[in-house]
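Asker: My structure is below; once you've seen it, I'll send some questions.
Since every read-out is calculated from the coordinates, none of them should be taken as a lab result. What you are looking at is a predicted structure, and each value in this text was computed from that prediction instead of being measured. Cβ placement follows ideal geometry from the backbone for every residue including glycine, while neighbour counts extend to all protein chains displayed.
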Amino acid sequence: MKADALRGHLDALLLATLDGRALHGYAIIEALQERSGGALDLPTGTVYPALRRLERAGYVRSSWSTVGGRQRRTYQLTSAGAQELAAERRAWREFTSAIEGVLQTPVRT
């Protein structure tokens, strides 16, 4: 899937990936790829700046941890991030419902 198709949705995808768990950056990229059936294969140059932006906004917090003997920054949702994710999910349902209404094949009588 092209990065342009994700414009405006990346933050919501990252927040959803972190919902209920803490992950380091590369694990986030892997989880996005797995959960999308391979359709989302985002470069680190896209994901890490977005994670930093979400951290500055107060939606995620990070801490350093050791994984496999290596230092990695691990990210997790804050309560504000969980609220933002809930709002993003509501907005997505409204958006997809509206688009589906337009794109459906009309019933011919």
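Asker: Can you find, among Gly37, Gln71, Tyr26, the residue sitting farthest towards the positive end of the charge dipole of the range 3-93, where Lys and Arg contribute +1 and Asp and Glu -1 at Cβ?
Answerer: Toward the positive end, the furthest listed residue is Gln71.
Asker: Treating the angle as unsigned and between 0 and 90°, give the value, to the nearest 10°, between the Cα long axis of helix 25-35 and the longest Cα principal axis of the chain.
Answerer: 30
Asker: Which FRET efficiency value, to the nearest 0.05, do you get for Val67 and Trp92 by plugging their Cβ-Cβ distance into 1/(1 + (r/R0)^6) with R0 = 41 Å?
Answerer: Details: r = 31 Å, r/R0 = 0.76.
Given R0 = 41 Å and the Cβ-Cβ separation, E is 0.85.
Asker: Here is a follow-up. Is the C-alpha gyration tensor of the range 3-93 telling us rounded, prolate or oblate? Criteria: a/c under 1.5 is rounded; beyond that, a/b larger than b/c is prolate, otherwise oblate.
Answerer: Numbers: a/c = 1.74, a/b = 1.21, b/c = 1.45.
Oblate, because a/c is 1.5 or more while a/b does not exceed b/c.
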